[in-house]
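The values are calculated or read from the model by the stated rules, or taken from the named source; none is laboratory data. Quick caveat: nothing in here was measured; it's all calculated off a predicted structure. FYI the Cβ positions are ideal-geometry reconstructions off the backbone, even for glycines, and counts take in every protein chain you see.
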Protein chains: 2
Amino acid sequence: MKSVPQPTIHRLVAYYRHLKRLAGNNDQTVICSKKLGHDVGTSSAQVRKDLSYFGEFGCKGVGYDIQGLKKSLEVILGLNRSWPVVLLGAGNLGRALINYQEFKKMRLEIVEVFDYDLDKIGNNVGNLVVKNVKNLDSIISRGIQIGILAVPVEEAQGVAERLVKVGIKAIWNFAPTPLNLPPDVIIYHEDLSSSLVGLVFYINQLETKVIKNL
Amino acid sequence: MKSVPQPTIHRLVAYYRHLKRLAGNNDQTVICSKKLGHDVGTSSAQVRKDLSYFGEFGCKGVGYDIQGLKKSLEVILGLNRSWPVVLLGAGNLGRALINYQEFKKMRLEIVEVFDYDLDKIGNNVGNLVVKNVKNLDSIISRGIQIGILAVPVEEAQGVAERLVKVGIKAIWNFAPTPLNLPPDVIIYHEDLSSSLVGLVFYINQLETKVIKNL
């Protein structure tokens, strides 16, 4: 299989979510790439290209079987099983992530939360109790492979190294700093400013064009 | 100018942030595309391609002048001025965004926060006081063009429409639901699950390969 670009994965998730919504409606059993693309804000060509990484789907002139494509995407994305996740950091962001309902709908569940802050350790967040990072070893037996870093920049590298030691293979990093980890650890940097700067960029372009056209 | 893909904007922000860091160090005045790419986790070809949307930068065989490229990116991204932002929703996510220090470093500042929840209205978050969404009109005179939606799914469409009425031209939507708004409003959907599913996808691929190779 060719290497799959990140934006394709993001769109596959959007298709999957939309198909899941449609699958609850018995009146509609088929959807064409044009409609699927439109509903999630992309083109029919993009839908077909994204799916082509994983084989052939749908019938020309007919479209995709909603239930069938939903199930295929579930297998492709790895969502046909549940995934336990460990969260590091029980601040506002950590609490928001614990309470984010969309994860559970995808069978992703934050099952442990750790912090260094003695004021936070022992507190309840959702159904979880915040534990001390010193006791991180306790998760080894749970077979957790995914960790979320929602800690301050200065703690990020140290905490990431501890996560790798307890068997974490993929890290979703919210701390705006690069991490230096073994190459087999997958790191996804969530840079919240860059989404906001993206909006600034487009508004700025519009304003600049307006000024040029005056 | 050709339309600039979203991933390019995200990388430009990463280059800009890195150059800002380097600009504080007087020993180094020039950086080559290979080093810049490496430092932010991409290739030299990608760096050159991303910058090529905006003209010619750097000298072949020499590299980019760090201060010069930083300033150019500042203008390209619209970060040579400050941008006030309004936030809708003062829950955990909203509070995390208000306290996220990276925005201010980019001259993006959440200057107003609104909520429907009477338990939250009047509370302090950071330096702000949570106001009632009913009084959203009060921001018209402030010339705010960017809004962040951190409200529950069922409130998202209604609140987004109110934002458009008070002059918002770009919306960063954290609610996992599509928004139906006039076509001149720019919407950026932040789908936190899709980042996490991206990690699941890669781990699942690794495991599947391991099983196939047994």
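Structural remarks
- Scanning segment B:143-174 for residues that are among the small types (Gly, Ala, Ser) and closer than 20 Å to A:His38 by Cβ returns B:Ala156, B:Ala160.
- A count restricted to segment A:159-214 and to residues that are facing another protein chain (nearest Cβ under 7 Å) and either more than 27 Å from B:Gln205 (Cα to Cα) or not basic (Lys, Arg) (or both) stands at 20.
- Meets criteria (modelled with pLDDT of 90 or more, more than 10 Å from chain B (Cβ to nearest Cβ) and buried (at least 17 other Cβ atoms within 10 Å of the Cβ)) for A:Leu12: no
- Residues being within 25 Å of B:Val197 (Cβ to Cβ) and exposed (fewer than 13 other Cβ atoms within 10 Å of the Cβ) - total across segment A:112-140: 3
- Pair list, Cβ under 9 Å, 6 or more apart: segment B:51-72 residue within 11 Å of B:Lys20 (Cα to Cα), other residue surrounded by fewer than 17 Cβ atoms within 10 Å (Cβ to Cβ) and of a type outside the set (Gly, Ala, Ser): B:Ile66/B:Asn25; B:Ile66/B:Gln28; B:Ile66/B:Thr29; B:Ile66/B:Val30; B:Gln67/B:Thr29; B:Lys70/B:Lys20; B:Lys71/B:Asn80
- Filtered by the rule that a residue be polar (S, T, N, Q) and either within 14 Å of B:Gly63 (Cα to Cα) or part of a helix (DSSP H, G or I) (or both), segment B:9-33 gives B:Gln28, B:Thr29, B:Ser33.
- Residues located in segment B:102-141, provided they are more than 23 Å from the chain's Cα centre (by Cα) and among the basic types (Lys, Arg): B:Lys120, B:Lys131, B:Lys134
- Only listed residue being small (Gly, Ala, Ser), within 16 Å of B:Ala96 (Cβ to Cβ), under 20 Å from the mean Cα position of the chain (by Cα) and surrounded by 15 or more Cβ atoms within 10 Å (Cβ to Cβ), chosen from B:Ala156, B:Ala150: B:Ala150
- Residue count, segment B:109-125 (criterion: among the hydrophobic types (A, V, I, L, M, F, W, C) and either closer than 28 Å to B:Tyr15 by Cα or in a helix (DSSP H, G or I) (or both)): 2
- Counting the residues of segment A:126-143 that are touching a Gly at 6+ places or on another chain (Cβ under 7 Å) and modelled with pLDDT of 95 or more gives 2.
- Of the residues making up segment A:39-81, those that are within 14 Å of chain B (Cβ to nearest Cβ), more than 24 Å from B:Leu196 (Cβ to Cβ) and surrounded by 14 or more Cβ atoms within 10 Å (Cβ to Cβ) number 0.
- Here is the figure for segment A:173-193: residues that are in contact with an Asp or Glu (Cβ under 9 Å, 6 or more places away or on another chain) and within 27 Å of B:Ile186 (Cα to Cα) total 7.
- Residue match in segment A:89-108 (condition: buried (at least 21 other Cβ atoms within 10 Å of the Cβ) and away from chain B (no Cβ under 13 Å)): no
- Scanning segment A:159-208 for residues that are outside the structural domain of A:Leu93 (by TED's automatic domain parsing) and more than 21 Å from the chain's Cα centre (by Cα) yields A:Val200, A:Phe201, A:Tyr202, A:Ile203, A:Asn204, A:Gln205, A:Leu206, A:Glu207, A:Thr208.
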